[in-house]
Amino acid sequence: MPYVWQTAGPGEPLQRQEVEPLTPGPGELVLEVLHSGLCHSDLSMLDNAWGMSSYPLVAGHEAVGRVAAVGDGVDPAHIGQLRGLGWFAGSCGHCFQCLAGRANLCRSTEATIVGRAGAFASEVKARQDWAIPLPEDLPVADAGPLFCGGITVFAPLMDEAVSPTSRVAVIGVGGLGHLALQFCRAWGCEVTALTTNLAKADEARALGAHRVVPLAELAGEAGRFDLIINTANQPLDWAAVIAALAPLGRLHQLGAVLEPMTVNAFDLIVSRRMITGSPTSSPASLLKMVEFCSRHAIRPMVEHLPMARINEAIERLHRGDVRYRFVLDGPA
Ligand SMILES: [Zn+2]
Ligand SMILES: [Zn+2]
């Protein structure tokens, strides 16, 4: 019998619940979930921090699974393939943004865990174009976090066509940041890790940082960076962050800070600086990301727990007690 790990309300523990088997609709497929990463956005959804959760809620949006069933219009030869699924599980396929290759900006996107059951389960459903075939040389058990955490930080490099001669800074060495450092190094950039936790300095260098700078010393970096990827979801000294950008530099915001970000107009005007953000990326960028990870041996650093210990993983992630991502292993 298929099952989900669901929560009845904000702050409630997840409980295992048996459910009816999923039936794939036209263009859809069902993945048997093998491994499921735990992303900070899962906590936000479980706790209704964004005000868009509906209960009972089944989170989980960094899945690796095997195609178990396909709907009309999907080639049955895909059954048995290993695929990865992230934040988005569907888009309309025919609007301007979808046709332009930016399906993550489609107004009809279906998020994997919004109004539908995610991957803390024995199976999960998605449109076939959002379930990305896994290259053979990616480790199946560790690949899940690439499909949300990984693509989130790959997006600014890929979609904004960042030059390999750029000086890039990554704020935060965590679930997103530890992947951003690897991507930026392999992309060819000069890489600076900005962190409040210098205990992570050696690990940041091993992950690809040329330099590690305490966030409190950002004032000494004025005018340096062509791109700052901010993975932190806490308010920062925004004036100091903007001042650290070179002319034409870009602050790319990925941490979901709930407070407004205040900036001084002149700091943007005088040096033509930019502030941008992005919601993961398109299926095309996901395909390029997994290829890039294969070529450069980019891997999430994960700690595995059986899915039956999911509440323990959630409690530890709340405390920041993980380097750098939990992956829950099924079946449980
Ligand atoms: Zn669309
Ligand atoms: Zn996520």
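The values are calculated or read from the model by the stated rules, or taken from the named source; none is laboratory data. In this text, all values refer to a predicted model and were calculated from it rather than measured experimentally. Cβ placement follows ideal geometry from the backbone for every residue including glycine, while neighbour counts extend to all protein chains displayed. Surface accessibility is based on the protein's heavy atoms, side chains included, excluding ligands, DNA and RNA. Shrake-Rupley method; radii C 1.70, N 1.55, O 1.52, S 1.80 Å.
Below are the figures for this structure:
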| read-out | value |
| --- | --- |
| Counted charge near residue 290, where neighbours are those whose Cβ lies closer than 15 Å (Asp, Glu -1; Lys, Arg +1) | -2 |
| Equivalent ellipsoid dimensions for region 151-277 as semi-axes, Å, which come from the Cα gyration tensor, largest first | 20, 16, 14 |
| Given charges at Cβ of Lys, Arg, Asp, Glu: the chain dipole, positive-most of 67, 122, 108 | 108 |
| Amide proton proximity set for residue 251, modelled H, under 5 Å, gap of 5+ | 228, 274, 275, 276 |
| Magnitude of the charge dipole, region 151-277, Cβ model with Lys/Arg +1 and Asp/Glu -1, debye to 20 | 200 |
| Sorted peptide list for 315-321, 139-145, 43-49, 216-222, criterion being average Cβ within 10 angstrom, highest first | 139-145, 43-49, 216-222, 315-321 |
| Amide proton proximity set for residue 304, modelled H, under 5 Å, gap of 5+ | 327 |
| Test item: Cα-centred dipole of region 18-142, Lys/Arg +1 and Asp/Glu -1 on Cβ, debye | 420 |
| Cα centroid separation, region 87-145 to region 44-83 (Å) | 8 |
| The chain - percent of accessible surface contributed by carbon and sulfur, probe 1.4 Å | 53 |
| The chain: calculated mean residue ellipticity at 222 nm from DSSP helix runs of at least 4, using -39500 (n - 2.57) | -6000 deg cm²/dmol |
| Packing-based order for 275-284, 165-174, using average beta carbon neighbours within 10 Å, highest first | 165-174, 275-284 |
| Estimated vicinal HN-Hα couplings, Hz - region 254-267 in sequence order (Karplus 6.51, -1.76, 1.60; Gly, Pro = x) | 10, x, 7, 5, 7, 7, x, 8, 9, 10, 8, 3, 5, 5 |
| Solvent-accessible heavy-atom area per residue, rounded to whole Å², over the chain at 1.4 Å | 42 |
| Phi to ³J(HN,Hα) by Karplus 6.51 cos²θ - 1.76 cosθ + 1.60 over region 83-97, Hz, x for Gly, Pro | 9, x, 9, x, 5, 9, 10, x, 7, 6, x, 9, 7, 4, 5 |
| Relative packing of 15-26, 223-234, which averages over residues the other C-beta atoms within 10 Å, highest first | 223-234, 15-26 |
| Amide hydrogen neighbours beyond the local backbone of residue 232, cut-off 5 Å, H modeled | 255 |
| Listed residue (313, 297, 89) projecting farthest to the positive dipole end of the chain, Cβ model | 297 |
| Point-charge dipole on Cβ atoms (K/R +1, D/E -1) for the chain, about Cα centre, debye to 20 | 720 |
| Antiparallel content of DSSP bridges confined to the chain, in %, to 5 | 55 |
| P(r) weight above 37 Å for the chain, C-alpha pairs, percent | 15 |
